[in-house]
Amino acid sequence: MKEKIKALKEELNNVNIQDPEGLKNFCARFIGSKSVFPPLFAELVKLSQTDKKQWGPKIQELKQQAQEILKNYNESLKNKDPRFLAPTDLSLPASTQPLGGRHPLSLVQREMEKIFLKNGFSIKNGSEIETDEHNFTALNFPTDHPARDSQDTFFLSKDKNYLLRTHTSATQVRLLKKYSPPFKYIIPGRVYRNETVTSRAHCFFHQIEGINIGEGISFAHLKYVLLRFAQAFFGSKTKIRLRPSYFPFTEPSAELDISCLLCQEKGCSICKKTGWVEVGGCGMIHPRVLAQVQNASKDKTKYTGYAFGLGIERMTMLRYQIHDLRIFSANDIRFLSQFSTVHI
Ligand code: PHE
């Protein structure tokens, strides 16, 4: 018995498994019911009580050593050596990658753009960094207008010349200066205001500006295009309402309301029990603003135009019944993944 145990101990100490074949041989000799151990235990049973006590634990030790060797090989070599891995099955379906999705604001912006494209508008993009001239002065804002206060505007330079645009109307001025009428453009983009972030206000949000300049453009055209838009976006039963308002760059000016679709105008928390929801501002472009248009000097009375500015967040909140503005910029995957169907 002593000799046999010594020989096995030496054999186990020198085990060196190199390949699957080696592993197979090792297992055949040391693991399971056909290994060297069952006959050894059978022999042990026949020995005297004292011999049993002496050799029994030694055989157990050898058995454990064999198990240990197998475990180590399984963990290290087997996982790294491609010869131990199962052959690749090329007919298996590929593992699916989770798909990203568009942000709900992008989805709604795209949808709004499509409606205006169908109505003859083209898209223009402007810069988020603007000058005082384009954001305020050229839009007929008086020098002491409260919007020029740094409590409302993020200024980028000490002289307050550079700022983050507070509305897409800043880009409207650039288009007026650059193109000769007639033209119809929409300007989608991000705007910034120095406001405390709450569920109803944010320091940045998105607008779609629209301008249409040409001969004989009237308030009726403005009303028509807004109604067409509202019905295309919210459904053919949607009504619009234009409330007199004031903007320095439009005259007359109006606030655009749409009938609340969530409560069918009965009054709910979204429409604050009024049956109407405000979605933007609009009006006929002020003559002082219009005077800057390309070629306007030739015949100042020839062209008129309208402009409107719609809030993309507001549209998105109505479309998906979202009550808190902050969720749009929280980057919460639980919210965003709800919109992750593929949209083109
Ligand atoms: N620029 C205005 C705003 O941000 C909206 C507007 C655009 C009003 C165009 C009239 C004409 O509130």
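Any read-out appearing in this document is the output of simple, stated calculations on the displayed coordinates, not a laboratory observation. Predicted, not measured: the structure shown is a model, and the values here were computed from it. Because the Cβ atoms are built from the backbone with ideal geometry, glycine has one as well, and the counts that use them run over all protein chains shown.
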On a 0 to 90° scale, report how tilted helix 219-234 is relative to the longest principal axis of the chain, with both axes built from alpha carbons and the result rounded to the nearest 10. 20
Partner aspartates and glutamates for K9 [C-alpha distance under 13 Å; skip if fewer than 8 residues away on the same chain]: E61
If you add up the charges near S340, with Lys and Arg at +1 and Asp and Glu at -1, over every other residue whose beta carbon is less than 12 angstrom from its beta carbon, what do you get? +2
Quick one: if you stick a label point 7 Å off each Cα along the C-beta vector at Q49 and L117, how many nm between them? 9.6
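With r as the distance between the Cβ atoms of Q338 and N25 and R0 = 51 Å, compute the FRET efficiency 1/(1 + (r/R0)^6) and round to 0.05. Show your work: numbers first, answer last.
Numbers: r = 57 Å, r/R0 = 1.12.
Taking R0 as 51 Å, the efficiency between N25 and Q338 is 0.35.
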Would you mind checking the stretch 307-324 for residues with the amide N under 18 Å from a putative spin-label position 7 Å along Cα→C-beta of R110? 312-313, 315-317, 319-320
Which of L92, L325, L242 fluctuates most in a GNM of the chain (C-alpha springs under 10 Å)? That residue is L92
Using the per-residue mean of other Cβ atoms lying within 10 Å as a proxy for protection, in what order, highest first, do the peptides 313-321, 38-46, 185-193 fall? 185-193, 313-321, 38-46
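What does the net charge come to around K118 if you take all other residues with beta carbon closer than 15 Å to its beta carbon, with K and R at +1 and D and E at -1? Walk me through the numbers on the way to the answer.
Values: positive: R110, K114, K184, R228; negative: E111, E113.
In short, +2.
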Candidate aspartates and glutamates - alpha carbon under 19 Å from K160, same-chain residues fewer than 8 apart omitted: E128, E130, D132, E133, D144, D149, D152, E195
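Holding the Cα-Cα limit at 22 Å, pick out from K24/K52; K4/K53; K24/K46 the pairs that are longer than that. It would help to have the intermediate numbers written out before the result.
Numbers: K24/K52 31 Å; K4/K53 16 Å; K24/K46 31 Å.
As for pairs spanning more than 22 Å Cα to Cα, those are K24/K52; K24/K46.
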Zone of E133's modelled label, taken as backbone nitrogen in the stretch 146-185 under 14 Å from a point 7 Å along Cα→Cβ: 161-163, 171, 173-178
Tabulate in residue order the Karplus-calculated ³J(HN,Hα) for the stretch 127-136, using 6.51 cos²θ - 1.76 cosθ + 1.60 with θ = phi - 60°, rounded to whole Hz; enter x for Gly and Pro. 8, 6, 8, 10, 9, 4, 3, 6, 7, 10
Students often get this wrong, so check it: of K34/K71; K237/K272; K118/K266; K223/K302, which have C-alpha atoms separated by over 23 Å? K118/K266
Gain upon complete extension [R243, N16; 0.36 nm per residue less C-alpha separation]: 72.9 nm
Can you list, by residue number, the Cys in the chain that have no neighbouring cysteine C-beta under 4.7 Å? C27, C203, C282
Under 18 Å from the Cα of K114, which lysines turn up, not counting those fewer than eight places away in the same chain? K124, K184
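Is the shape of the stretch 136-294 rounded, prolate or oblate, going by the alpha carbon gyration tensor and its root eigenvalues a ≥ b ≥ c, with a/c under 1.5 for rounded and a/b larger than b/c for prolate?
Numbers: a/c = 2.14, a/b = 1.22, b/c = 1.76.
Verdict is oblate for the stretch 136-294.
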Fewest Cβ neighbours within 10 Å first, please rank I123, I211, I59 accordingly. I123, I59, I211
